[in-house]
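Some notes on the structure that comes next.
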Amino acid sequence: MAGAELTTFAARAVGYGIAGLRVDGNDALAVYAATQWAADRARSNLGPTLIELFTYRVEGHSTSDDPSVYRPQNEAASWPLGDPVERLKQHLVGLGEWDEDRHQAQHAELSEQVRAAQREAEKLGTLQSDPFQDIGSMFEEVFDELPWHLREQQAQALAEAEAKRG
């Protein structure tokens, strides 16, 4: 596929007869509009739409990850419009549809919901409390018939878990 690296993923869709859009994935309103347009196209029997959401992950992969190790120091500056939640909040505040007090109240409420869900999930066990849960179950109910290479991976994972249990 010579030259494919010189174009966007969305532009390649045209070669397959598919409409392609490249959208700022950090702009919730642009994502909504593109998705609405694609859904309307599909409902009108005009075919599929490939939507490429171009975005930026501000934080590390996890809480133990330090992105400064693998990212240039000023990389985030190339994304001048910043965090999608903050962008949408500022837009709604500008329209008079939202305010800082409501935002803080919602943040507190949602944070508590997340903590409650985490506590509920941890009742089932954690890697620290039960590191040898049935890892074989992650292969179940994914395919009607598990492909040979995944059956091999499942057998290997189960053997390694058994060896660790001693």
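Here residue 72 meets the list (1) assigned to a loop (DSSP other than H, G, I, E, B); (2) without any contact (Cβ under 8 Å) to a residue 12 or more places away in the chain; (3) exposed (fewer than 14 other Cβ atoms within 10 Å of the Cβ); (4) under 20 Å from the mean Cα position of the chain (by Cα) almost entirely, failing just condition (4). Filtered by the rule that a residue be in a helix (DSSP H, G or I) and modelled with pLDDT under 90, segment 1-16 gives 4, 5, 6. In the set 81, 146, 110, only one residue is of a type in the set (A, V, I, L, M, F, W, C) and part of a helix (DSSP H, G or I); that residue is 110.
Among the residues of segment 126-143, count how many are outside any loop (DSSP other than H, G, I, E, B) and at pLDDT 80 or above. It would help to see each step written out before you state the result.
We begin by selecting, within segment 126-143, every residue outside any loop (DSSP other than H, G, I, E, B); these are 135-139.
If we keep only those that are at pLDDT 80 or above too, we end up with 137-139.
Residues flagged as outside any loop (DSSP other than H, G, I, E, B) and at pLDDT 80 or above within segment 126-143 amount to 3.
Confirm whether residue 34 is surrounded by 11 or more Cβ atoms within 10 Å (Cβ to Cβ) and either within 27 Å of residue 83 (Cα to Cα) or of a type in the set (S, T, N, Q) (or both).
Working: surrounded by 11 or more Cβ atoms within 10 Å (Cβ to Cβ): yes; either within 27 Å of residue 83 (Cα to Cα) or of a type in the set (S, T, N, Q) (or both): yes.
Yes, satisfied.
For segment 17-62, a residue qualifies if it is of a type in the set (Ser, Thr, Tyr), within 18 Å of the chain's Cα centre (by Cα) and assigned to a loop (DSSP other than H, G, I, E, B), and the qualifying residues are 55, 56, 62. Spot the failing condition for residue 79; the list is (1) modelled with pLDDT under 95; (2) out of contact with any Phe, Trp or Tyr (no Cβ under 6 Å at 6 or more places or on another chain), and only one is missed. The single condition residue 79 does not satisfy is (2).
With the requirement that a residue be closer than 30 Å to residue 163 by Cβ and surrounded by 12 or more Cβ atoms within 10 Å (Cβ to Cβ), what does segment 84-125 give you?
Step one: list which residues in segment 84-125 are closer than 30 Å to residue 163 by Cβ, which gives 121-125.
Result: 125, single match.
The values are calculated or read from the model by the stated rules, or taken from the named source; none is laboratory data. For clarity, every value in this text was computed on a predicted model and none was experimentally measured. Positions of Cβ are backbone-derived with ideal geometry, glycine not excepted, and every protein chain shown enters the neighbour counts.
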